[in-house]
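The values are calculated or read from the model by the stated rules, or taken from the named source; none is laboratory data. Given the structure is predicted, the values throughout are model-derived calculations rather than measurements. Positions of Cβ are backbone-derived with ideal geometry, glycine not excepted, and every protein chain shown enters the neighbour counts. Each accessible area value is taken on the protein alone, full model and side chains, heavy atoms only, with ligands, DNA and RNA left out. Shrake-Rupley method; radii C 1.70, N 1.55, O 1.52, S 1.80 Å.
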Amino acid sequence: MLAPGSTIGILGGGQLGRMMAVAALQLGYKVVGFAPEGDNVAADACTAFITADWDDAAALARFAAACDVVTWEFENVPLGTVAAIPDALLPCPPRALQVAQDRLSEKAFAASLGGVPAPYSAVSSEADFAAALASVGTPGILKTARDGYDGKGQWRVRSVLEAGGIAFPGVTCIYEGFVMYETEFSVILVRGQDGTVKFWDSTANLHEGGMLSLSVLPAGAMVEAQVPAARQLAAKVADALGYVGVLTLEFFATREGPVFNEMAPRVHNSGHWTIEGAATSQFENHIRAICGLPLGGTKTRFASIEMRNIVGDDALRAHAILAEPGEPHLHLYGKAEAREGRKMGHVTRVGHALK
Ligand code: AMP
């Protein structure tokens with residue numbers, strides 16, 4: 001167990017790191033962040049923050065020397081950066097990042113453990129794209145295999161005719177069949193250093209333009225029926241990786257059962273409701289797990305919960321939410337620029353308390 005006053009290092013400087021740092025401070029730890037130049041809103045909650053490029057060896061050495069344990073809040077931290085951190089500081093194997101950084105490898109990994117992804121095909125050239133359209137069919141989605149997030153690096157293909165207007169982007173892609181789903185949902189678990197796994201309830205997730213906009217509980221009968229199979233896969237993924245901390249898997253609920261979409265080896269936007277809505281939040285349990293502390297309960301505390309993202313310049317008017325009935329819980333991330341499509345905060349509303 002990491003002693004109080006020890007230092008947790010967080011790779012990445014976004015809102016997930018910020019909320020993780022708040023949880024770490026609450027448990028008596030110090031936090032050092034590390035990220036390249038940018039709007040590093042985690043820095044506000046860190047004891048110290050190193051702004052340097054991912055491949056700055058001297059800065060990484062300084063970071064590692066300051067930390068007793070290191071985690072990440074961003075799954076695209078380059079593997080070379082993580083390789084510069086001594087293994088003894090990493091409770092979670094970097095292989096989790098490696099698998100999740102590539103849509104092809106995460107789908108193959110999940111499938112090897114019994115998960116069912118949408119039909120897909122790797123696309124590394126125009127000819128591959130044509131072959132993928134023929135084998136997978138339309139409608140579908142072409143996605144860059146790496147570095148995409150919040151719907152970026154994705155092109156919907158409604159028909160072969162429409163595909164003619166989409167130029168192969170020149171980087172390895174995946175072409176996936178479009179899944180006719182009823183709802184999307186996520187499984188969020190925490191795995192401790194002793195292999196104990198706990199799950200939070202699964203929310204139904206609504207995306208707009210490829211980005212999460214709303215997570216709700218209860219998630220509905222279809223999701224609830226598919227959660228056991230989805231949890232089974234998530235636990236297998238966590239065990240196979242020797243994972244430590246919070247892990248998220250996203251699914252489509254279809255009439256044929258849960259279809260695996262992607263995994264995030266980190267805390268997740270669809271788990272923000274756990275701050276007020278669960279016995280222990282995803283952020284606190286992640287910190288507990290990486291520090292070797294006993295994990296907290298994950299039970300939902302309210303009969304209904306809704307978490308809505310605050311995007312773009314809606315953030316400028318967000319304090320008005322506090323005057324609304326029902327005791328909304330507002331979280332603003334302190335980002336400098338309210339750019340369109342940028343996650344600026346979230347609001348959680350809860351129903352009546354469960355006994
Ligand atoms: P992703 O970055 O893969 O999570 O995609 C972002 C969002 O786009 C998903 O949450 C879905 O709303 C939608 N989406 C992605 N892939 C598919 C698919 N194969 N079929 C239907 N919708 C998809």
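Here is how the numbers come out for the structure above:
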| item | result |
| --- | --- |
| Pair list, Cβ under 7 Å, 6 or more apart: the range 311-337 residue open to solvent by less than 40 Å² (accessible area, probe 1.4 Å), other residue among the acidic types (Asp, Glu) | Gly312/Glu340; Lys335/Asp39 |
| Candidates Arg308, Arg342, filtered to the one that is closer than 20 Å to Ser213 by Cα, open to solvent by 60 Å² or more (accessible area, probe 1.4 Å) and of a type in the set (D, E, K, R) | Arg308 |
| Per-region count, the range 298-355, residues more than 30 Å from Arg191 (Cβ to Cβ) and basic (Lys, Arg) | 4 |
| Output for the range 107-150, where each listed residue is farther than 15 Å from Val171 by Cα, among the hydroxyl-bearing types (Ser, Thr, Tyr) and free of Cβ contacts under 8 Å to residues at least 60 places away in the same chain | Ser112, Tyr120, Ser135, Thr138 |
| Given (1) in contact with a strand residue (DSSP E or B) (Cβ under 6 Å, 6 or more places away or on another chain); (2) open to solvent by 30 Å² or more (accessible area, probe 1.4 Å); (3) modelled with pLDDT under 95; (4) within 15 Å of the ligand (Cβ to nearest atom), number of the condition Gly151 does not satisfy | (2) |
| Where a residue in the range 151-166 is more than 16 Å from Asn261 (Cα to Cα) and its partner, wherever it lies, is part of a strand (DSSP E or B) and open to solvent by 30 Å² or more (accessible area, probe 1.4 Å), with Cβ under 6 Å and at least six apart | Ile166/Trp155 |
| Test for Ala235: is it out of contact with any Ser or Thr (no Cβ under 8 Å at 6 or more places or on another chain), without any contact (Cβ under 8 Å) to a residue 40 or more places away in the chain and of a type outside the set (S, T, N, Q) | no |
| In the range 168-201, residue surrounded by the most Cβ atoms within 10 Å (Cβ to Cβ) [restricted to those that are within 14 Å of the ligand (Cβ to nearest atom) and in a loop (DSSP other than H, G, I, E, B)] | Val179 |
| Selection from the range 18-41 of residues that are in contact with a Leu (Cβ under 8 Å, 6 or more places away or on another chain) and within 26 Å of Ala279 (Cβ to Cβ) | Leu27, Tyr29, Val31 |
| Entirely in the range 1-119, the helices (runs of 4 or more DSSP H) that have 3 or more residues that are open to solvent by less than 10 Å² (accessible area, probe 1.4 Å) | 15-26, 57-66, 95-100, 103-112 |
| Enumerated strands (runs of 3 or more DSSP E) restricted to the range 210-320, each holding at least 3 residues that are of a type in the set (Asp, Glu), away from the ligand (no atom under 16 Å from the Cβ) and not assigned by TED's automatic domain parsing to the domain that holds Arg146 | none |
